[in-house]
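The values are calculated or read from the model by the stated rules, or taken from the named source; none is laboratory data. The model shown is predicted, which means the values in this text are computed figures rather than measured ones. For neighbour counting, all protein chains shown are included, and Cβ atoms are generated from backbone atoms with ideal geometry for every residue, glycine included.
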Amino acid sequence: MKSILTSLFILFCLYGFSQTSTPKPLRHFMQAGPSPANEIQYGNNPKAGHYVNVGDARIYYEIYGEGRPLVILHGGIFGSTYEMHQFIDSLSKQYRVIAISTRGHGRSELGNEPITYEQKANDVWAVIHAVTKDSVIVLGFSDGGYAGYKLAAMYPQCVRKLIAIGAAELYPGLRDFTFDAKQGVASDSVYWKQQFMLMPEPQRLQEMFTLLGNMYNHLTLNKDFFQAIQCPVLVMAGDRDQGNPPQRIVTTAQMIPHSETAIIPHCTHPVFLENFPAVWACVVPFLKQ
């Protein structure tokens, strides 16, 4: 009954949202103020957009800039390509940035299979393979960081370097990853209005929340997993990230053979949205090494 009521709520929102055009410019989840009117609409830019078919879903991505390929992976559940706009702006001046909307987010389809990080890594690899035959640098936030870890472990020849933000060790019982679509939409209706306009199947939002929650709640990422990652990795988080406290970030980095750690003070989970200059100051030397 709860899932039916949630679906009805989402459909009601969709009906209401369909009465007006998609508000521009885009915004990220829980954004405090308006976005600059002249910003590139990352995640909703047809001039830069492409799709790759991964079997049960079409995955959307955008390409910006020229140079060595660098993959950007946004956060999960409430994440979007647009939240990574400062990274894309900065990195596209020197790199060929491949910004991927992960399955179920933005213009990417959800597909019909249970969500796993093996699946996410395969999605990312399919996009990379469609764009370039070179190895890539990966920068991922939260869910995108975990997908980056998995990609580096599964396809070591594919990943030159990895920057993982807000992504530490996981095991069942560590946190409760139960997500409710109705509460999520109510928490930032303007953001979800935009996302519903982009999503090919917005009525499946609760299904996506449930699939991701089930994956997170049963996931184990421990020493055996992290030791399989052979590329250089920068593990980063805010010191007030409740889901990834500093000690857990440090412990995770110590499990990775070639790692560096960066803890940004006075910041929570979306650390780069709260203090991008400090995050960028850590990213630049890592990329230059």
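List of remarks:
- Scope region 252-282; condition among the hydroxyl-bearing types (Ser, Thr, Tyr) and either farther than 13 Å from Ala164 by Cα or without any contact (Cβ under 8 Å) to a residue 40 or more places away in the chain (or both); matching residues: Ser259, Thr261, Thr268
- From the options Ser187, Ser259, residue that is of a type in the set (Gly, Ala, Ser) and either at pLDDT below 95 or over 24 Å from Val138 (Cβ atoms) (or both): Ser187
- Pair list, Cβ < 9 Å and 6+ apart or interchain, from region 32-43 residues that are part of a loop (DSSP other than H, G, I, E, B) to residues that are among the β-branched types (Val, Ile, Thr): Ile40/Ile88; Tyr42/Ile72; Tyr42/Thr81; Tyr42/Ile88; Gly43/Thr81
- Of the helices (runs of 4 or more DSSP H) lying entirely inside region 53-163, the ones with 1 or more residues being of a type in the set (S, T, N, Q) and more than 22 Å from Ser259 (Cβ to Cβ) are found at 85-91, 117-131.
- Residues in region 161-174 that are of a type outside the set (A, V, I, L, M, F, W, C) and over 18 Å from Thr116 (Cβ atoms): Lys161, Gly166, Gly173.
- Single residue of region 172-211 satisfying the filter (free of Cβ contacts under 8 Å to residues at least 40 places away in the same chain and of a type in the set (A, V, I, L, M)) that is farthest from His28 (Cα to Cα): Leu174
- Failed criterion for Ile256 (all others in (1) touching an Asp or Glu at 6+ places or on another chain (Cβ under 8 Å); (2) crowded, with 20+ Cβ neighbours inside 10 Å; (3) farther than 30 Å from Val185 by Cβ hold): (1)
- Any hit, region 237-253, residues being buried (at least 22 other Cβ atoms within 10 Å of the Cβ) and assigned to a loop (DSSP other than H, G, I, E, B): yes
- Sole exception among (1) among the β-branched types (Val, Ile, Thr); (2) in contact with a strand residue (DSSP E or B) (Cβ under 7 Å, 6 or more places away or on another chain); (3) surrounded by fewer than 21 Cβ atoms within 10 Å (Cβ to Cβ); (4) farther than 14 Å from Glu169 by Cβ for Thr220, by number: (4)
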